[in-house]
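The values are calculated or read from the model by the stated rules, or taken from the named source; none is laboratory data. Source: prediction; values computed, not measured. All Cβ positions, glycine included, derive from the backbone under ideal geometry; neighbour counts span all protein chains shown. Note: areas computed on protein heavy atoms with side chains; ligands, DNA, RNA excluded. Shrake-Rupley method; radii C 1.70, N 1.55, O 1.52, S 1.80 Å.
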Amino acid sequence: AIAKAKAEYPAIIFLDVIMPGMDGYEACRLLSSDPATKEIPIVFVTSKGQKADKVWGQVQGAKGHLVKPFTAEQVIDQLKALT
């Protein structure tokens, strides 16, 4: 995901927190601190919906947070807010 973001520079990244190999928080930190990708907004899409989870995501560099299950309208709202 990190290499793909650098190669393709997407308008926005929807990123899960729980992933094999590297969790979303670490991926977000890497993307947010890299000059090549730091301007790409990251939205966490996760089952972790506590306030502490949202705050921790923001600390890592995320610009948004969607809790599973989510609606199409919530995704559209994130897209409108961040692009």
(request) Could you please let me know if Tyr25 is of a type in the set (Phe, Trp, Tyr) and closer than 12 Å to Gly61 by Cα? (result) yes
(message) Suppose the filter is modelled with pLDDT under 95 and not small (Gly, Ala, Ser); does Lys54 pass it?
(response) yes
(request) Could you grab the pairs with beta carbons closer than 7 Å, sequence gap of 6+ or different chains, first residue in the range 15-44 and under 17 Å from His65 (Cα atoms) and open to solvent by 30 Å² or more (accessible area, probe 1.4 Å), second one at pLDDT below 95 and of a type in the set (A, V, I, L, M)? (result) Asp16/Val45; Asp23/Val17
(message) Among the residues of the range 45-82, what is the count of those that are open to solvent by 70 Å² or more (accessible area, probe 1.4 Å), polar (S, T, N, Q) and within 16 Å of Ile13 (Cα to Cα)?
(response) 2
